Amino acid sequence: MRKSLCFLNLIFSTIFLSLIALIVSFFDKKGERIQKIARFWAKLHLFFSGIGVSIKGEENIPEPPCIFMCNHQSALDIYSLLACLPLSFRWVAKRQLFNIPFFGWAMKKAGYISLDRENPREALKAIEKAAEKIRDGTNIIIFPEGTRSIDGTLLPFKKGVFSLAIQAGVPLVPVGIRGTCNLQPKGSLVPVKKGLIYINIGKPIFISGKKASEKNRIMADVRESIERLMMAN
């Protein structure tokens with residue numbers, strides 16, 4: 001019963017709130033009201049799923065703008081970050097999500113950034129667009145693994161997102177998420193059980209003035225920090 005209720009809520013709330021977001025977008029050029037709608041959508045989904053979120057380390061968030069880099073285990077990562085991260089932000093998301101009726105249209109209106117990993121030229125344009133948004137004051141969330149981990153272990157990072165980080169020159173905030181993989185494994189449309197998600201926000205990594213030749217070092221520092229945060233209480 002809970003899973004059925006959760007699924008019905010997800011379908012109808014996504015369609016209804018996406019329509020509201022599309023209407024609001026005519027009066028919300030910066031996308032801030034749409035972001036609030038998205039936050040409500042995420043909280044609604046977590047409520048019907050019977051899932052709580054414990055978040056720690058908010059004091060580590062620097063003055064905007066910054067780039068949050070998070071591990072990715074489940075669709076629940078998105079809901080939990082939307083619901084609980086205490087500031088406005090935009091996503092860098094794969095291009096296919098923007099093709100979903102209503103949901104994808106609302107994402108575009110909110111100012112989320114489409115990334116086509118299969119087209120290097122388009123990916124480069126997306127990176128340049130994201131860097132410009134960040135320099136203009138927009139916080140961005142990125143999953144450097146590029147896809148969800150099946151078993152919860154941290155996958156290899158994509159180097160392109162670190163090219164974006166160096167171009168933007170803003171602080172990188174590592175985030176470790178734990179618990180989402182067990183609650184909603186990859187391939188599941190809704191959570192398979194109730195539970196608690198843990199989000200740990202780490203100290204920022206400052207990269208202003210860093211060069212492209214230092215990308216591997218920056219990537220290793222972020223990875224080490226996320227791995228540690230994933231294990232933290």
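Structure above, values below:
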| read-out | value |
| --- | --- |
| Residues that are more than 16 Å from residue 171 (Cβ to Cβ) and buried (at least 18 other Cβ atoms within 10 Å of the Cβ), drawn from segment 186-214 | 190, 191, 197, 198, 199, 200 |
| Helices (runs of 4 or more DSSP H) completely within segment 89-208 that count 1 or more residues being within 22 Å of residue 17 (Cβ to Cβ) | 103-110, 180-183 |
| Tally of residues being more than 12 Å from residue 105 (Cβ to Cβ) and polar (S, T, N, Q) across segment 8-41 | 3 |
| Residue within segment 3-11 that is modelled with pLDDT of 90 or more and not hydrophobic (A, V, I, L, M, F, W, C) present | yes |
| Residue count for segment 162-197, restricted to those that are within 16 Å of residue 3 (Cα to Cα), of a type in the set (A, V, I, L, M) and in contact with a Pro (Cβ under 9 Å, 6 or more places away or on another chain) | 2 |
| Hey, residue 172 over 16 Å from residue 77 (Cβ atoms), under 15 Å from the mean Cα position of the chain (by Cα) and surrounded by 21 or more Cβ atoms within 10 Å (Cβ to Cβ) or not | yes |
| Number of the condition not met by residue 52 [criteria: (1) surrounded by fewer than 18 Cβ atoms within 10 Å (Cβ to Cβ); (2) touching a strand residue (DSSP E or B) at 6+ places or on another chain (Cβ under 8 Å); (3) in a helix (DSSP H, G or I)] | (3) |
| Pairs with Cβ under 6 Å, 6+ apart, first in segment 105-128 and modelled with pLDDT of 75 or more, second of a type in the set (Phe, Trp, Tyr) and surrounded by 14 or more Cβ atoms within 10 Å (Cβ to Cβ) | 107/98; 108/98; 112/91; 114/98 |
| Any chance residue 141 is among the hydrophobic types (A, V, I, L, M, F, W, C), in contact with a Ser or Thr (Cβ under 7 Å, 6 or more places away or on another chain), at pLDDT 85 or above and under 26 Å from residue 15 (Cβ atoms) | no |
| Scope segment 150-169; condition under 15 Å from the mean Cα position of the chain (by Cα) and surrounded by fewer than 17 Cβ atoms within 10 Å (Cβ to Cβ); matching residues | none |
| Of the criteria (1) surrounded by fewer than 20 Cβ atoms within 10 Å (Cβ to Cβ); (2) of a type outside the set (S, T, N, Q); (3) in contact with a Ser or Thr (Cβ under 7 Å, 6 or more places away or on another chain), which one residue 3 fails | (3) |
| Candidate set: segment 129-149, residues that are free of Cβ contacts under 8 Å to residues at least 60 places away in the same chain and among the aliphatic types (A, V, I, L, M); chosen: the one surrounded by the fewest Cβ atoms within 10 Å (Cβ to Cβ) | 131 |
| Residue selected from segment 105-122 under the condition in contact with a strand residue (DSSP E or B) (Cβ under 9 Å, 6 or more places away or on another chain) and closer than 20 Å to residue 40 by Cα, by the criterion surrounded by the fewest Cβ atoms within 10 Å (Cβ to Cβ) | 108 |
| Residue match in segment 65-85 (condition: modelled with pLDDT of 80 or more, exposed (fewer than 15 other Cβ atoms within 10 Å of the Cβ) and under 16 Å from the mean Cα position of the chain (by Cα)) | no |
| Of all residues making up segment 183-214, the number that are over 26 Å from residue 80 (Cβ atoms) and either among the acidic types (Asp, Glu) or without any contact (Cβ under 8 Å) to a residue 12 or more places away in the chain (or both) | 2 |
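The values are calculated or read from the model by the stated rules, or taken from the named source; none is laboratory data. Every value quoted in this text rests on a predicted model; they were computed, and no experiment measured them. Cβ sites come from the backbone with ideal geometry, for glycine too, and all protein chains shown count toward neighbours.
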